[in-house]
1. Between ASP318 and TYR143, what is the spin-label point distance in nm, taking each point 7 Å from the Cα along the Cα→C-beta axis?
2. With a/c under 1.5 counting as rounded, go ahead and sort the chain into rounded, prolate or oblate using the C-alpha gyration tensor (a ≥ b ≥ c being the square roots of the eigenvalues; past the cut-off, prolate if a/b is larger than b/c, else oblate).
3. Checking the a/c ratio against 1.5 first, then a/b against b/c, what shape does the Cα gyration tensor give for the stretch 25-148?
4. Longest span of the chain, sites excluded, free of chymotrypsin sites (Phe, Trp or Tyr not before Pro) in DSSP loop with at most 16 other C-beta atoms within 10 Å?
5. Could you give the dipole magnitude of the stretch 258-312 about its Cα centre, charging the beta-carbon of Lys and Arg +1 and that of Asp and Glu -1, in debye to the nearest 20?
6. Check each of the GluC sites (Glu not before Pro) in the stretch 168-239 and keep only those in coil by DSSP with at most 10 other C-beta atoms within 10 angstrom; list them in order.
7. Counting other Cβ atoms within 10 Å, keep those with at most 13, restrict to DSSP loop, and tell me which trypsin sites (Lys or Arg not before Pro) in the stretch 160-225 are left.
8. Quick test of the membrane-span-like rule: which DSSP H helices of the chain reach at least 20 Å along their long axis (C-alpha atoms) with mean Kyte hydropathy at least -1.0?
Amino acid sequence: MLKTLRLPRNGRSADELLAELEQRKSGDADWRRGRTWSLVYYAGDEHAEFLKRAYGIYFSENAVSPSAYPSLAKLEAEVLAILLALLNAQDDEVGIMTSGGTESILLAMKAYRDQARNRGLQGEPEILLPISAHPSFLKAADYFGLRVIPVELRDDYRASPEDAKRKLSPRTVCIVASAPSYPQGVVDPVPELAQIAREAGVGLHVDACLGAFVLPFMRTLERKVPEFDFRVPGVTSISADLHKNAYAAKGTSAILYRTADLRGYQFFVTKWRNGVYGSPSMQGTRAGGNVATAWAALMHLGEEGYTSLVERALAVADALMAGIREIPGLYIVGEPDMTVFSFGARDLDIFGVARRMSERGWRIDKQVAPDSIHMIATPNHEQSVMPFLSDLKQAVDEERSNPLKLETAKEGTLYGATGDLPVGADPVEYVRSEMGKNYDLA
Ligand SMILES: *Cc1c(COP(=O)(O)O)cnc(C)c1O
């Protein structure tokens, strides 16, 4: 189909365009009023304005070249040092900043694959992956030719060390743990898994994309925190998102390694016809602004700021979970360790409840195994607790007296770009034919 939009012959005024952008987003998910439960982590207008100024100072600089921009390399080194200290680095741990949790995880999986190959691994490398791990590990396996060996969960939704041990093979390159897992917000038994990894001589990657900036401050608040960081012998890498609970700009995460040797395997170097090209991560050009916002956020909020944000987010999560437990028929899945949790229903369809909540203006994240609604609490949700619980009570009452017979398939309810899947549709075929249309001009 011929697209009708062309580059304008004469540029339009900046004021007019900025006003149009503001206007265009007015129908989007209302995260500012706390109506979404993922996607945005917000520490207030003042913090956001501060980050935008920090970003602006490095708007044009390119962090792919430490020799051209030594100040950016230094800022990155400082961010990584602070993160390593927060995660109880013991000795010679190192890291690198990335564009997001997905890139951090992709890089770690590539590092383990290449390390194992360097040690003489023959055949298809295997990763022992708890079935609660984030889908970006499946993406890594798909991109890098790794075989996924699923590790089952115990009854408490935490990865089973016994199952991991059973499934080790000579081709295992690493074991994965989450701190906490995305679906149920529980921390896997990292010390047990790390022990198994150590005995087998393989790495243990801890995905702390959600937990890295919550769990350490829960210790300060004297809340119960499972062991998950570099203090545990055998933990060899940790992914930690800065654009989630560290409140830096979107496009910032970090991958941390026990040794510089392991990190070396994530770097890409090639002799190209026109010289040698090296790059530390999956990106070529790296936005300098992202590094600046991460540094600015850490330095501005400090231990006190993060502890207070974590305390507020925990209070939101605790109030929501307590309120949900009081609604007859609803239950919290497992025993969540921090601010991430999900809830299901015993004698009614939770997806009917979800639909009714969406109709009330909430953006609801649905998931299966078990059928549930997924929640991530942040301080910006203080305003949402009462209205959410009150709408939820009503939605449950309505669903109980008049169940909706929903037409969407449950498997299609996930996360990311997929959207609701029509009943009977094959997910791969559906996504391949439909997902791109979001980006096509109608
Ligand atoms: C968000 C998340 C990821 C992926 O990170 P992106 O920043 O979305 O790429 C990985 N693991 C967990 C536990 C996450 O919450």
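We did not get these values from a lab; they are worked out from the coordinates using the rules stated. This is a predicted model, so every value here is computed, not measured. Neighbour counts are summed over all protein chains in view; Cβ atoms, including those assigned to glycine, are modelled from backbone coordinates with ideal geometry.
1. The modelled label-to-label distance comes out at 3.9 nm.
2. Rounded is the answer for the chain, as its axis ratio a/c remains below 1.5.
3. On the way: a/c = 2.21, a/b = 1.36, b/c = 1.62.
Oblate shape, in that a/c is at least 1.5 and b/c is the bigger or equal ratio.
4. Details: sites that count: TYR42, PHE59, PHE267, TYR415.
The answer is 60-266.
5. Dipole size: approximately 480 debye.
6. Values: sites: GLU192, GLU199, GLU222, GLU227; in loops: GLU222, GLU227.
Filter output for the stretch 168-239: GLU222.
7. LYS224
8. 70-86, 101-118, 288-325, 385-401
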